[in-house]
Amino acid sequence: GAVNDLYEGTQRVMKGDFSHRIAVKGDDQIAELSNSFNRMTENVERLLRIAKENERMQAELEIARQVQGQLFPRSVPKMKCLELRAVCNPARTVSGDYYDYQMLPDGRLALALGDVAGKGISAALLMASLQASLRMQLRQDGLAPSKLVARINQHLHANTAPEKYATFCFALFDDQSGELTYTNAGHLPPLLFRDGRVTPLEVNGMVVGAFPFAKYNESQVTLLPGDLLVGYTDGITEPENEYGEMFGEERLIEIV
């Protein structure tokens, strides 16, 4: 009878019924085999539940990836003096890295680059909030970069968890004069390549979203013909090789 129960159990498993359990009687080897069968089907049933949950999460992450992809600008504005290129390759399905650019009514180009603390869905949600806040602020005419960043900082601090913050660099470029006015809120300094020399731009404020009282300044630099300005996140400089050595800024400069 015990052997017949095992046979019936294997037939149920072959049909996909992993909830079936064998009634165990006695304490001989057949009983131990029945216990092993029950533990096996229980583990398989648990793994199937985990697999289904993972499939559901992957489907949701794919939707989040598609939604996030819509947040990045789709077309590059035509400028007389500036050639603009941007790309984001997330390490995971979604990313906390952020870039944006938009032409303003006064003819200047707004440029933004950010890196949200953390990874995954939570970072992507804060990235979306950062983008929405920036686009809202850009509707106001004549807003200086330092004031715009200050307002974004207050918005993020008021509407996100205390441990959430982002590094953020915002700039306005005048295509007529070549003047770039910027506020760098704790972000890795963009690198200005000119005549074989490299000059990092200034950092003139702390990260956004951490403290409501943060103050921000702004700086200016005039871009000349042949200049190359490279903005980036730590996704470029912090990856490590098999020896635990980070890629680093020096290698980035050498490649550029």
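The values are calculated or read from the model by the stated rules, or taken from the named source; none is laboratory data. Please read all numbers here as calculations on a predicted model, not as lab measurements. Methodologically, a virtual Cβ is constructed for each residue, glycine included, from the backbone with ideal geometry; neighbour enumeration extends over all protein chains shown. To get the accessible areas, we keep the full protein, side chains included, count just its heavy atoms, and leave off ligands, DNA and RNA. Shrake-Rupley method; radii C 1.70, N 1.55, O 1.52, S 1.80 Å.
Observations
- Among 92-102, 192-202, the order from most to least packed when residues are scored by Cβ within 10 Å on average: 92-102, 192-202
- Solvent exposure of the chain amounts to 61 Å² per residue of accessible area, where only protein heavy atoms count and the probe is 1.4 Å.
- Here is the list for region 220-256: GluC sites (Glu not before Pro) lying in DSSP coil, each with at most 16 other C-beta atoms within 10 angstrom of its C-beta, are 242, 245.
- Three-way shape call for region 160-256 based on the alpha-carbon gyration tensor, with the a/c threshold at 1.5: oblate
- Ellipsoid fit via the Cα gyration tensor, region 54-107: semi-axes of 31, 11, 8 Å, each the root of five times an eigenvalue, largest first.
- Put the Cα centre of region 66-114 next to the Cα centre of region 4-35 and the gap is 60 Å.
- In the context of the full protein assembly, residue 75 retains an accessible surface of approximately 90 Å², using a probe radius of 1.4 Å and ignoring ligands and nucleic acids.
- Given +1 at the Cβ of Lys and Arg, -1 at the Cβ of Asp and Glu and no other charges, the dipole of the chain around its Cα centre is 920 debye to the nearest 20.
- Taking 30 Å as the straight-line reach from the Cα of residue 147, the lysines in range (excluding those fewer than 8 positions away in the same chain) are 78, 80, 119, 164, 215.
- Alpha carbon Rg of region 120-167, scaled by the compact-globule rule 2.2 N^0.38 Å: 1.16
- At 1.567 mPa s and 4 °C, Stokes D of region 55-159 from Kirkwood alpha-carbon radius, µm² per second: 86 µm²/s
- Lys/Arg +1, Asp/Glu -1 at C-beta; the chain dipole; positive extreme among 125, 203, 169: 125
- Accessible surface, 1.4 Å probe, highest first, among residues 18, 213: 213, 18
- Taking every C-alpha pair closer than 8 Å and separated by at least 6 residues, the mean separation divided by the residue count of region 121-185 gives a relative contact order of 29 percent.
- In the chain, the inverse of the mean reciprocal separation of distinct Cα atoms equals 22.0 Å; this is its Kirkwood hydrodynamic radius.
- Computed with a 1.4 Å probe over protein heavy atoms only, the accessible area of residue 157 comes to about 70 Å².
- Carbon and sulfur %, accessible surface of the chain computed with the full protein complex present, 1.4 Å: 53 percent
- P(r) tail fraction, region 8-98 - alpha-carbon pairs more than 20 Å apart, %: 63 percent
- Taken over the alpha carbons of region 38-82 as equal point scatterers, the Debye sum produces base-10 log I(q)/I(0) values at 0.15, 0.17, 0.30 Å⁻¹ of -0.61, -0.67, -0.97.
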